[in-house]
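In what follows, a structure is listed as structure tokens, so that the remarks can point back to it.
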């Protein structure tokens, strides 16, 4: 199952920092491939990942925590 989330930040600079961190980020499950890009302008990041549907998906929560580190929130 493909999940897609969008996070909004107060500035393009913070959005790019979040985007850059995602290039080196690994979820706690370790095998979730995350693809991210700027969307809806420079202050929003769109994140897509493939979840195998087995068990509970902690990736969404982990992405929320990471975005919060940069002052972002899911929209």
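Side notes on the structure shown:
- Between 0 and 90°, nearest 10: helix 12-22 axis offset from the chain longest Cα axis: 20 degrees
- Using distinct alpha-carbon pairs, which all enter the 1/r mean, Kirkwood radius of the chain in Å: 12.3 Å
- Cβ-Cβ distance of residue 73 and residue 2, R₀ of 22 Å, FRET efficiency by 1/(1 + (r/R0)^6): the value works out to about 0.50.
- CD proxy at 222 nm, helix term only [per DSSP H run n ≥ 4: -39500 (n - 2.57); per residue of the chain; nearest 500]: -9000 deg cm²/dmol
- Acute angle (nearest 10 degrees) that the helix 59-69 long axis makes with the longest principal axis of the chain, alpha-carbon atoms: 30 degrees
- Gain in span if fully extended, residue 48 to residue 65, counting 0.36 nm per residue against the direct Cα distance: 4.5 nm
Bear in mind that the values in this text are calculations on the coordinates, not laboratory data. Values in this document were obtained by computation on a predicted structure and should not be read as measured data. Cβ atoms come from the backbone with ideal geometry, glycine included; neighbour counts cover every protein chain shown.
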